[in-house]
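Step one of this worksheet: look at the structure below.
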Amino acid sequence: MPKTKANGIEIEYDSFGNNDAEAVLLISGLGTQMIRWSETFCRILAEQGYRVIRFDNRDAGLSTHFDSTSMPDLAAISDAVSRGETPNVPYTLFDMANDAVGLLDSLMITRAHVVGRSMGGMIAQLLASEHPERVLSLISMMSSTGNRELPQASPAVMAAMTSPAPHPLKDEQGYLAHCVAFSQVIAGRGYPFDESAQRDQSLAEVKRAYNPSGFWRQIAAIAATGDLRSRLANISAPTLVLHGSDDPLVPPEAGKDTAAHIKGAELLIVEGMGHDLPPLLFGMVAGVIADNARRVFNPANRPDVTRPFIT
């Protein structure tokens, strides 16, 4: 897979489809590598007529890791944000949005359709709000505005996400069991859970790169960035907010909050979907990304209110 320098770091990426087609930039979630956007899904999306680009965020996969920085003090970061102060963190989601802009620059792509999942959805929101001239359309999936008043994941789900996993070099089977168990906790109940496929995915990721401290620095970046709602009014790109009705990690109220703060945004709640993208939904999600990309708006006639649709 190719690598490029952008925004002062190295970014690992690859692409699918015709290089001359309009680009769709896929942004990954917290602690996950670009291969979480599966090759099958990327090819299905590319068949809609796009150049599909996925990449490793900083501190994940084969992009630059920030291991030379100290582990973040999440309690101190939260306290600083609550006091309106700027916490001391290695980077924020603004930096990660600028990474995406730098990647587009290095690929000589002026504008792209941007799709982000989970933390990647927040990065995508910032990319669309801070660099509107670079974004043709926006999809925010299973994500949030960072509004602290929204319902949060249950303590059990948070414990499953943050509990330490066995080291894969010392106990590979235990590590994989831990990953599969968490994947099952956040999966929706409306679609089959393929334990074998989840195990294969986790094994492919850990063999590709292992950077557990990056997960915590990305959490710190989310915390330090704070509430995005005041910035979402700057988004002018056609926007679809996609969320699972059964998402136990980022409850669907977060998706509704996102759509409510982006002018003209449409909201799609997918029944039975959790905080995952099961293969049975690949075709549907690729289709709505393409549908949203083809929406044409006259900026002078944008609707004054959001127009949600829920299925």
* Structure fact -> Mean accessible area per residue over the chain (1.4 angstrom probe, all protein chains present, square angstrom) is 43
* Structure fact -> If each part is reduced to its alpha-carbon centroid, the range 41-72 and the range 193-219 end up apart, in Å, by 13
* **Sequence-separation-based contact order of the range 152-290, relative, with Cα cut under 8 Å and 6+ spacing, percent** => 28
* Structure fact -> Highest GNM mean-square fluctuation among Ser245, Ser236, Ser82, for the chain with Cα springs under 10 Å, belongs to Ser82
* **Global form of the range 221-267, assessed from the alpha-carbon gyration tensor, a/c cut-off 1.5** => oblate
* Net charge, Asn18 excluded, C-beta distance under 15 Å - Lys, Arg +1, Asp, Glu -1 -> -2
* Hey, any idea what % of the chain's accessible area is carbon plus sulfur with a 1.4 Å probe? -> 51
* To do: Could you name the lysines whose alpha carbon sits less than 20 Å from that of Lys170, not counting residues in the same chain fewer than 8 places away?
  => Lys207
* Asked: Out of residues 5 or more away from Val135 or on other chains, whose amide H comes under 5 Å of its own, with H placed 1.01 Å from N in the peptide plane?
  -> Ala112
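The values are calculated or read from the model by the stated rules, or taken from the named source; none is laboratory data. Bear in mind the structure is a predicted one, so any value in this text is a computation, not a measurement. Glycine gets a Cβ as well: all are built from the backbone with ideal geometry, and neighbour counts include every protein chain shown. Heavy atoms of the whole protein, side chains included, go into the accessibility calculation; ligands, DNA and RNA do not. Shrake-Rupley method; radii C 1.70, N 1.55, O 1.52, S 1.80 Å.
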